[in-house]
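The values are calculated or read from the model by the stated rules, or taken from the named source; none is laboratory data. The structure displayed is predicted, hence computed values, not measured ones. Using ideal geometry, Cβ is built from the backbone for each residue, glycine included, and neighbour counts are taken over all protein chains shown.
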Amino acid sequence: MTTSETFDGNYFYSGVYTYLLLLEMETLTEMINKFSITSYDKDTSHWVDVTYINHPHSFYVRPTLYRKYMQELQASTGSLIDPLDMHVGKIVIYKSEILKIYVRGQVIRMNAEINGITCDIQALDHGCLDKAVPLKQMYKPVIDSYNLPPLAIHCQLSECYPIGRKWDDKSIDAMKCYVGTEQAKVIIKDKKLDILTVELINSCPDDIATLLVKTDYASLGFDFVNNRLSSSSENKNMHYIYKKFKVGDKLWVRVQSGKALDSFFVCAVEDYKPYLQEKKNFTLSYKALNEKIRPEDIEAGLPVAVLTEDQRYYERAVIKQFTSSQDKYVVQYVDSGNIVTAHFNCMKPLLPYHYTRPALAIYCSIDKESVQDTGLQKLLHPGYDFIIEIKKVGDKHNSPNIVQIMPILST
């Protein structure tokens, strides 16, 4: 070794820096393996930076303890990626048009364009997806992090839902405003393979989901803040949950209501006895409840508890429409499917925890070709049971599931 080689400061410090950096990366790898999405435990809390927001049911966070590693992870060598070395799965440093910074990303798709190859790239430590990134914006990373998992964790807010079928721009902008750029805390409520359901808290007076609900940018969840939001005015933003099915599902069911094969309601046999017991408890709760619905809160779609015509039970229901009488409304029982007319004085606001049980009644119709089958028509009596197979999935109680009926053969 020559003297110049021995005392070359740049060479020496570069070697030390690289060595220390590798040690840090080993520490980071060990740390991330401990905090992967599958190891977050329910009811634990973590300090995070919110790195990217699609909408309240799709956003990304990164634990604050990773902050000190970001500069090294996002550093490039300054050398462009060789086009011959490009492939799906490649880790690159690229300029994100969404984030306006250079970040670590993984190529998830390559596109052949007139002016050359472009790539769709996932920002591993932020969560966003940049499309059609040109090769001239991709560089080799200083650190080979191919085996390092993404630092950004995919999350959704618990206990809040869009008003309507999807999140609108105003709701998304409101969430971004409330989240800001400060650090936040997530409390894990549930976890699946690819997403965590969380409560998100920062310096705002309420958690982010509650804030969105209170400012009318989201609707309320099913078992949400039982004591904080219980008046009927908040029930406008609450909704029932319905069982989800897929084509090919087979269920043993009993008839709940309906006299026509193109519009009838059934329920799973296994759910019926628990429903009867719950019905008794439900009735006791609402007979003792003094709270009443305010006239100004009455509107189509409002969930309510309704005293039945024989005045024996209360049933969960939803207001369908107004009648010519000022004090009577058409309501539908969500556990039987029956549609009746109820007097205003027979209705009470539904308590939040009575949204947690899915609607019992399953809305069904058979295919048009079989509607005139008199043999099947005889089965449409409350309490009769048979097997159904889902042929086409419906929409809750708005449009029926198209089903095939298979009578149970006696042995």
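List of remarks:
- As a summary of the residue check, Ser45 satisfies the conditions (1) closer than 19 Å to Ile91 by Cβ; (2) in contact with a strand residue (DSSP E or B) (Cβ under 6 Å, 6 or more places away or on another chain) except for the one numbered (1).
- In the range 145-195, residue nearest to Tyr52 (Cα to Cα) [restricted to those that are over 18 Å from the mean Cα position of the chain (by Cα) and among the hydroxyl-bearing types (Ser, Thr, Tyr)]: Thr181
- Residue in the range 341-360 that is within 13 Å of Val266 (Cβ to Cβ) and modelled with pLDDT of 90 or more present: yes
- Scope the range 336-360; condition over 19 Å from Ser399 (Cα atoms), in a loop (DSSP other than H, G, I, E, B) and in contact with a Phe, Trp or Tyr (Cβ under 6 Å, 6 or more places away or on another chain); matching residues: Thr356
- Boolean, Met70 is at pLDDT 85 or above and outside any strand (DSSP E or B): yes
- When the residues of the range 283-307 are filtered to those that are closer than 24 Å to Asn398 by Cβ and either among the aliphatic types (A, V, I, L, M) or part of a helix (DSSP H, G or I) (or both), the one that is modelled with the lowest pLDDT is Asp297.
- Of the residues making up the range 323-335, those that are in contact (Cβ under 8 Å) with a residue 24 or more places away in the chain and either exposed (fewer than 11 other Cβ atoms within 10 Å of the Cβ) or in a strand (DSSP E or B) (or both) are Tyr329, Val331, Gln332, Tyr333.
- Every pair of residues 6+ apart whose Cβ atoms lie under 6 Å, when the first sits in the range 385-411 and is over 13 Å from Ser263 (Cα atoms) while the second is in a loop (DSSP other than H, G, I, E, B) and of a type in the set (D, E, K, R): Ile390/Asp249
- Residues being in a loop (DSSP other than H, G, I, E, B), modelled with pLDDT of 85 or more and under 18 Å from Pro358 (Cβ atoms) - total across the range 232-282: 8
- Residues that are over 27 Å from the mean Cα position of the chain (by Cα) and basic (Lys, Arg) were ranked within the range 306-353; the one that is farthest from Lys259 (Cα to Cα) is Lys348.
- Residue in the range 294-307 that is surrounded by the fewest Cβ atoms within 10 Å (Cβ to Cβ), counting only those that are hydrophobic (A, V, I, L, M, F, W, C) and over 21 Å from Arg357 (Cβ atoms): Ala300
- Residue selected from the range 353-388 under the condition over 16 Å from Val403 (Cα atoms) and in contact with a helix residue (DSSP H, G or I) (Cβ under 8 Å, 6 or more places away or on another chain), by the criterion surrounded by the most Cβ atoms within 10 Å (Cβ to Cβ): Leu360
- Condition check for Asp310: at negative phi and loosely packed, with under 14 Cβ neighbours inside 10 Å: yes
- Checked against (1) touching a Lys or Arg at 6+ places or on another chain (Cβ under 8 Å); (2) hydroxyl-bearing (Ser, Thr, Tyr); (3) modelled with pLDDT of 85 or more, Tyr40 passes all but a single condition, namely (3).
- Within the range 388-411, the set of residues being in contact with a Phe, Trp or Tyr (Cβ under 7 Å, 6 or more places away or on another chain), of a type in the set (A, V, I, L, M) and modelled with pLDDT of 95 or more comprises Ile390, Val393.
- The condition (being charged (D, E, K, R) and in a loop (DSSP other than H, G, I, E, B)) is satisfied by just one residue among Asp173, Asp194: Asp194.
- Boolean, Arg109 is in a helix (DSSP H, G or I), of a type in the set (D, E, K, R) and either within 29 Å of the chain's Cα centre (by Cα) or under 25 Å from Thr181 (Cβ atoms) (or both): no
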